[in-house]
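Asks: Take a look at the following structure, please.
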Number of protein chains: 2
Amino acid sequence: MFKLTGALCLIFGFALLASEPAMVEPKFTAGNELVRPTGYHEWIFLGSSLGMGYQRSGGSNDEPTFHNVYTQPEAYRAYLKTGKFPDKTIMILELMTAGANASINKQGHFEDRLIGIEASVKDVNRFPEKWAYFNFIGNDRKPLVQSKAFAKQTCWSCHDEHAAVDNVFEQFYPVLREAKQKQ
Amino acid sequence: MFKLTGALCLIFGFALLASEPAMVEPKFTAGNELVRPTGYHEWIFLGSSLGMGYQRSGGSNDEPTFHNVYTQPEAYRAYLKTGKFPDKTIMILELMTAGANASINKQGHFEDRLIGIEASVKDVNRFPEKWAYFNFIGNDRKPLVQSKAFAKQTCWSCHDEHAAVDNVFEQFYPVLREAKQKQ
């Protein structure tokens, strides 16, 4: 009896030791809307940009915003190891206003107020194009609980054409570029 | 015997369940130099800025750099809960060049190349001023393995005078400001 219980105890213990928290997966409503992911401030930060725009004039630089990008730790580690983003990868894009001339700051910009939350999701069975893109700020500027995917031509087409790796603009994120060099 | 082993098994199991990985603590050499922390790309991102400077002309904006700030998950969670940074908090400041006009980007800046690694450490027993500041890029522009603290007037004085919370420029980091509002 002692041997059996002892053995079970060891198995139980090692199973607990080996178990890591599972990757947070995207959640969808019955109507195929993505439920806004939360807790991503504890995910992996991939990089930031300020006032980026894909046309020479107008648009982004009138009121430049910071774009912070996050992904799940497990997606990041998989990319470090394999150079591929696993199925169920979520990328969060937070848009922040660019603050200036506050406190002791006399030049440049810091991140001030959250004004946008967007997401991309890789789900090869759900989306014919593998990736889909979502906005989580409503017309009243408050966060939405759930959101339906943008039409293909709104985000997907440009990501598909110009992003360096699997619809991800790896070329703008040194953390990912370095990972690739190490592979 | 069964009861005793079973009880020990339960204690062992629950102890494992309750144990989280301990907070990464700063390591110092015998000569009181800080060993360069690693693995911080998996820590918590607090915010970014571009070209910030504390004087009206010259300096940072000639070649504006992004500053990304990271801290340990445990230090972040303690701050969320208590509004205080625990002893052994490490903040990492990564300096990145600001890329422009690459790929499809026509406006604004993205993070391009790593050019600086700096750290601040809170260690109330080691430093009379509680916090100390370190640079980890050598004159040859390569990362240093270890580094001695800057003189008090180089970083500490300004942080002490102008930082909103415990030598940390909380006023420039929305993630921390939001945490404070929730407390």
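What follows draws every value from the coordinates through simple rules; no lab data is involved. Keep in mind the model is a prediction, meaning the values are calculated, not measured. When we count neighbours, we look across all protein chains shown, and the Cβ atoms used for this are built from the backbone with ideal geometry, even at glycine.
Asks: What order, most packed first, do the peptides A:67-73, B:128-134 have when packing is the mean number of other Cβ atoms within 10 Å of each residue?
Replies: Ranking, from highest mean packing down: A:67-73, B:128-134.
Asks: Using the 10 angstrom Cβ neighbour count as an exposure proxy, how do B:Arg113, B:Arg141 rank, fewest first?
Replies: Ordered by Cβ neighbours within 10 Å, fewest first: B:Arg141, B:Arg113.
Asks: Under the convention of a label 7 Å out along Cα→Cβ, give the distances in nm from B:Arg141 to the same position in every other copy, shortest first.
Replies: Values, ascending and in nm: 4.3.
Asks: Now for a separate question. Of the listed pairs A:Lys27/A:Lys142; B:Lys148/B:Lys180; A:Lys81/A:Lys122; B:Lys27/B:Lys152; A:Lys27/A:Lys148; A:Lys88/A:Lys152, which have alpha-carbon separations greater than 22 Å here?
Replies: Exceeds cut-off: B:Lys148/B:Lys180.
Asks: A further question follows. For segment A:22-182, with the dipole built from +1 on Lys and Arg beta-carbon atoms and -1 on Asp and Glu ones, taken about the Cα centre, which of A:Ser157, A:Gln107, A:Trp43 lies farthest toward the positive end?
Replies: The residue sitting farthest along the positive end of the dipole is A:Trp43.
Asks: A follow-up question, please. Starting from the Kirkwood Rh over alpha-carbon pairs, what translational D in µm² s⁻¹ does segment B:36-183 have by Stokes-Einstein at 4 °C and 1.567 mPa s?
Replies: It comes out at roughly 79 µm²/s.
Asks: Across peptide B:173-181, how many C-beta atoms of other chains are within 10 Å of each residue C-beta, on average?
Replies: 3
Asks: On to the next question. Relative contact order, percent, of segment A:22-182 when contacts are C-alpha pairs under 8 Å separated by at least 6 residues?
Replies: 20 percent.
Asks: Let me ask something additional. Report, as an integer, the average count of C-beta atoms from other chains found within 10 Å of each Cβ along A:64-75.
Replies: 2
Asks: If we sort B:47-54, B:94-101 on the protection proxy, mean other Cβ atoms within 10 Å, highest first, what's the order?
Replies: B:47-54, B:94-101
Asks: Once fully extended, how much extra length lies between B:Glu178 and B:Arg126, figured as 0.36 nm per residue of separation less the alpha-carbon to alpha-carbon distance?
Replies: Fully extending the segment from B:Glu178 to B:Arg126 adds 15.7 nm.
Asks: Peptide B:39-48: average number of partner chain Cβ atoms within 10 Å per residue?
Replies: Counting other chains' Cβ atoms within 10 Å and averaging over B:39-48 gives 6.
Asks: Also, I was wondering about something else. What are the ³J(HN,Hα) values, in whole Hz, obtained from phi via the Karplus relation 6.51 cos²θ - 1.76 cosθ + 1.60 with θ = phi - 60°, for each residue of segment B:158-174 in sequence order, with x given for Gly and Pro?
Replies: These are the phi-based 3J(HN,Hα) values: 5, 4, 5, 7, 10, 6, 5, 9, 6, 6, 10, 6, 4, 5, 9, 10, x Hz.
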